[in-house]
Amino acid sequence: MIHFKTDEEINTMRETCRLAAEVLIMIEPYVKPGVTTDKLNEVCHDFIVSNSAVPSPLNYRGFPKSICTSINDVICHGIPSDQKLRNGDIVNLDITTYLNGFHGDTSRTFFVGSPRKKAEKLVEVCKEALQKGIDCVKPGGWLGDIGATIQQFAESHGYSVVREFCGHGIGANFHEEPQILHYGNFGDGLEIKKGMVFTIEPMINMGKPDLKVLPDKWTAVTQDSSLSAQFEHTLCVTDSGVEVMTRIEGRTEF
Ligand code: MF3
Ligand code: CO
Ligand code: CO
């Protein structure tokens, strides 16, 4: 069942979404060679808690930390550890906050130090793929248009789209219906309607789309060890189109 949000619920959700966006802005200066992902987890955790919110990942289905940190060939759900970031790495930080009874979910891939050209291209294409997906969101459109657009764009650059994870409805629950696929066909799936609130969060691999999950049961890595990038926003469908709820105009970089 899809929980369509009232205008009042959407208004309340703006706060948690804004906070999640603030976390990504706040953490950027810490994302430097030599920092451990545990340190990034700690700084984000403290910021979220000091803003009267709860980090949604902590203890979610047994996840042990407050954010996900996914480096290089890690597609998603990387667990913060004592691993240090190195110059040239790419790292996705995925932030979900719970405030006033609602979740907000956003992630961004950062460059650590100076990016290598090939990594830079992958990350830029992934960011643009998310925006092209967002541009499909308006009442009367189809959820399948989002995935079809993202897949076409990613594959036109010789990249591949991860199939095992998708975007999702979000609200009082971290993950709700509907599923938002990042691949597929135009016109497929449900009609897009005002009051839907969901994420779009494409994971784009430089090589093949296949993944494996490490024995920690969380960390998803590319089978061919190729680099993987991801960006995520939470958005709501308005009367005329879309509002990107985890974007702070002029301050959010994507
Ligand atoms: N934030 C992720 C998403 O975009 C989900 C993380 S689940 C966790 O849906 F348990 F790993 F935190
Ligand atoms: Co999400
Ligand atoms: Co997320």
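The values are calculated or read from the model by the stated rules, or taken from the named source; none is laboratory data. This structure is a prediction, so every number in the text was calculated from the model and none was measured. When we count neighbours, we look across all protein chains shown, and the Cβ atoms used for this are built from the backbone with ideal geometry, even at glycine. Note: areas computed on protein heavy atoms with side chains; ligands, DNA, RNA excluded. Shrake-Rupley method; radii C 1.70, N 1.55, O 1.52, S 1.80 Å.
A viscosity of 1.002 mPa s and a temperature of 20 °C, combined with the Kirkwood radius over Cα pairs in Stokes-Einstein, give a translational diffusion coefficient for the range 1-138 of 135 µm²/s. A straight Cα-to-Cα reach below 28 Å connects LYS208 with the lysines LYS84, LYS117, LYS118, LYS121, LYS127, LYS132, LYS217, residues fewer than 8 places away in its own chain not being considered.
Once all protein chains are placed together, ASP135 keeps about 100 Å² accessible to a 1.4 angstrom probe. Looking at the range 1-64, none of the trypsin sites (Lys or Arg not before Pro) sits in a DSSP loop with at most 10 other Cβ atoms within 10 Å of its own Cβ. Globularity index of the range 108-254 is 1.04 (Cα radius of gyration / 2.2 N^0.38 Å, N = number of residues). Taken about its Cα centre, the chain carries a charge dipole of roughly 620 debye when the Cβ of each Lys and Arg holds +1 and the Cβ of each Asp and Glu holds -1. Length gained on full extension, ASN59 to SER240: 61.4 nm, using 0.36 nm per residue less the C-alpha separation.
Please give the FRET efficiency for GLU177 paired with VAL49, using the beta carbon to beta carbon distance and R0 = 30 Å, rounded to the nearest 0.05. Before the final figure, lay out each step's value.
Details: r = 29 Å, r/R0 = 0.98.
Using R0 = 30 Å, I get an efficiency of 0.55.
The gain in end-to-end length when the ASP188 to HIS3 segment is fully stretched comes to 64.6 nm, 0.36 nm per residue minus the alpha carbon separation. All C-alpha pair distances within the chain, sorted into 5 Å bins from zero, spread as 1, 7, 14, 19, 20, 18, 12, 6, 2, 0 percent across the bins. Think of the chain as a dipole: +1 on every Lys or Arg Cβ, -1 on every Asp or Glu Cβ, centred on the Cα centre; then among PRO215, GLY141, PHE4, PRO215 lies furthest on the positive end.
Of the accessible area of the chain, computed with a 1.4 Å probe over protein heavy atoms only, carbon and sulfur atoms account for 49 percent.
Taking each residue as 0.36 nm, the span from GLU124 to ASP210 lengthens on full extension beyond its C-alpha to C-alpha distance by 28.8 nm. Taking every alpha-carbon pair under 8 Å whose residues sit at least 6 apart, the chain reaches a relative contact order of 23 percent. Peptides 124-132, 24-32, 190-198 ranked from most to least packed give 124-132, 190-198, 24-32, packing being the mean of other C-beta atoms within 10 angstrom over each peptide's residues.
Less than 14 Å Cβ to Cβ from GLN152, Lys/Arg counted +1 and Asp/Glu -1: what total charge do the surrounding residues give?
Numbers: positive: LYS132; negative: GLU128, ASP135, ASP145, GLU155, ASP188.
That sum, taken over residues with Cβ under 14 Å, equals -4.
For the chain, hydrophobic long helices are taken as DSSP H runs at least 24 Å long by C-alpha position along their axis with mean Kyte-Doolittle hydropathy of -0.5 or more; these are 7-27, 117-134. With all protein chains kept in place, the per residue accessible area of the chain amounts to 43 square angstrom at a probe of 1.4 angstrom. So what's the gap between the Cα centers of the range 44-75 and the range 156-230, to the nearest angstrom? Each part reduced to its Cα centre gives a spacing of 19 Å.
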